[in-house]
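Visitor: Pasting a structure below so you can have a look.
The values are calculated or read from the model by the stated rules, or taken from the named source; none is laboratory data. Everything numeric here is computed off the predicted structure, so don't read it as measured data. Cβ placement follows ideal geometry from the backbone for every residue including glycine, while neighbour counts extend to all protein chains displayed. To get the accessible areas, we keep the full protein, side chains included, count just its heavy atoms, and leave off ligands, DNA and RNA. Shrake-Rupley method; radii C 1.70, N 1.55, O 1.52, S 1.80 Å.
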Amino acid sequence: APRYADLGGDGTVSTVAVARWIEESRVAAHLPAFRRLVDDGGFAPFRILLAAQRLVVRAPMPRDREYRVGVGVRRLGNASFSYGHGVFADDECVAVADSVTVLASEGGPTGLPDALREDLGALVLEEPGAAGAPRPEPARRERHRYPHVHPVTTRIGDVDTNRHVNNVALISWYADAVAAWQSARFGDPDGGPPEALAPTAWEVQYVHEVAHPRTYDVALAVDPAPGGRLRYRAGL
């Protein structure tokens, strides 16, 4: 059920809040064999890292409805796997998402153990995806290609159990950068730009872990898109 803090200025669930729901569905995925392996000390110290995610909100999500988040496995690789997510209000699909997860040790990506493959195999969707984690083209890493800058200082509340800045916090930084760019063009109105201009889709590739405490720049470029829309390109 949506919380008041999940709502944007128009009273519907924000895209950043949906990203948090998607994260909760990943964390809650049923992986009994793998959890037993870890609890019994049968697997070396590891971390589960997000390599990429995509989120599209398909319809407004008012507070007075209840939602279900479905999760299944789209792809199994050597050291990574992909989840597919669907958010439903009754039988209406109101949002879809994909995420790519990497299992890593201190030395880098590590092979998925058989116990984890067994658990993930039981969650495979009827239409598994074929693509692995997308990687940003080299030009996206060049600072001069982004004409706008929005500085961000990390907060302790941004840090998760991996001791780096959490993916939902990062999406909120991108949303802040877009809102700051929009607000400047509307004369910095109280409450920010109109809610109708808030982004409804995100596609994020994670290149490096984001540390705390640090100050970062969200570099932003804005391109016209079909249908009178805008496409935002950001780099941290």
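Visitor: How much net charge surrounds Ala17 when only the other residues with a Cβ under 10 Å from the Cβ of Ala17 are counted, with Lys and Arg +1 and Asp and Glu -1?
Guide: In short, +1.
Visitor: Could you give the nm distance between label points at Leu125 and Arg3, where each point is 7 Å from its Cα heading toward the beta carbon?
Guide: So the two model labels end up 2.7 nm from each other.
Visitor: With charges only on Cβ, +1 for K and R and -1 for D and E, what is the dipole size of the stretch 32-166 about its Cα centre, in debye, rounded to 20?
Guide: Using Cβ point charges on Lys, Arg, Asp and Glu, the stretch 32-166 gives about 680 debye.
Visitor: With each run of n ≥ 4 DSSP H residues scored as -39500 (n - 2.57), what mean residue ellipticity at 222 nm is computed for the chain after dividing by its residue count and rounding to the nearest 500 deg cm²/dmol?
Guide: Estimated from H runs of four or more residues: -6500 deg cm²/dmol.
Visitor: Treat every Asp and Glu Cβ in the stretch 9-76 as -1 and every Lys and Arg Cβ as +1, leave all other atoms uncharged, and give the resulting dipole magnitude about the Cα centre to the nearest 20 debye.
Guide: For the stretch 9-76, the charge dipole is close to 280 debye.
Visitor: Using Cα pairs closer than 8 Å and at least 6 residues apart in sequence, work out the relative contact order for the stretch 157-236, in percent.
Guide: The value is 27 percent.
Visitor: Let me ask something else. What FRET efficiency comes out for the pair Asp91/Ala179, r = Cβ-Cβ distance, R0 = 35 Å, nearest 0.05?
Guide: Once rounded, the FRET efficiency stands at 0.60.
Visitor: Okay, moving on. Please report, ordered by residue number, every helix of the chain (full DSSP H runs) that is 20 Å or longer along its axis going by C-alpha atoms and whose mean Kyte-Doolittle hydropathy reaches -0.5.
Guide: Helices meeting the criterion: 167-185.
Visitor: Heavy atoms only, probe 1.4 angstrom, no DNA, RNA or ligands counted: give me Asp10, Asp223 ranked by accessible area, highest first.
Guide: Accessible-area ranking of Asp10, Asp223, largest first: Asp10, Asp223.
Visitor: Further question: For the chain, the longest stretch holding no trypsin sites (Lys or Arg not before Pro) located in a DSSP loop with at most 16 other Cβ atoms within 10 Å is which?
Guide: 66-154
Visitor: Apply 1/(1 + (r/R0)^6) to the Cβ-Cβ distance of Arg155 and Glu24, taking R0 = 25 Å, and write down the FRET efficiency to the nearest 0.05.
Guide: Efficiency, rounded to the nearest 0.05: 0.75.
Visitor: Please go through the stretch 63-111 and write out the GluC sites (Glu not before Pro) that DSSP classes as loop and that have at most 12 other C-beta atoms within 10 Å.
Guide: Glu66, Glu106
Visitor: Heads up, I need the accessible area for Thr154: 1.4 angstrom probe, whole protein in place, Å², nearest 10.
Guide: Roughly 10 Å² of Thr154 is accessible to a 1.4 Å probe.
Visitor: Moving on. Kindly provide the Kirkwood hydrodynamic radius of the stretch 1-98 in Å, to one decimal, from all pairs of distinct alpha carbon atoms.
Guide: That comes to 15.0 Å for the stretch 1-98.
Visitor: With an 8 Å Cα cut-off and a minimum separation of 6 or more residues, compute the relative contact order for the stretch 29-124 in percent.
Guide: RCO, the stretch 29-124: 35 percent.
Visitor: Please name which of Leu112, Ala225, Gly235 has its Cα lying farthest along the dipole of the stretch 84-236 towards the positive end, using unit charges on Cβ (Lys, Arg +1; Asp, Glu -1) and the Cα centre as origin.
Guide: My answer, from the dipole projection, is Gly235.
Visitor: With +1 on the Cβ of every Lys and Arg and -1 on the Cβ of every Asp and Glu, and nothing else charged, how large is the dipole of the chain about its Cα centre, in debye rounded to the nearest 20?
Guide: Approximately 640 debye in magnitude.
Visitor: In whole percent, how big is the carbon plus sulfur part of the accessible area of the chain, probe 1.4 Å, protein atoms only?
Guide: Within the chain, the accessible surface is 51 percent carbon and sulfur.
Visitor: So how much accessible area does His30 have, in Å² to the nearest 10, using a 1.4 Å probe?
Guide: Here the accessible area works out near 130 Å².
Visitor: Using a Förster radius of 30 Å, what is the FRET efficiency between Arg145 and His212 based on their Cβ-Cβ separation? Nearest 0.05, please.
Guide: Computed FRET efficiency for Arg145 and His212 comes out at 0.65.
Visitor: Could you state the accessible area per residue of the chain in Å², with a 1.4 Å probe and every protein chain left in place?
Guide: Per residue, the chain has an accessible area of 57 Å².
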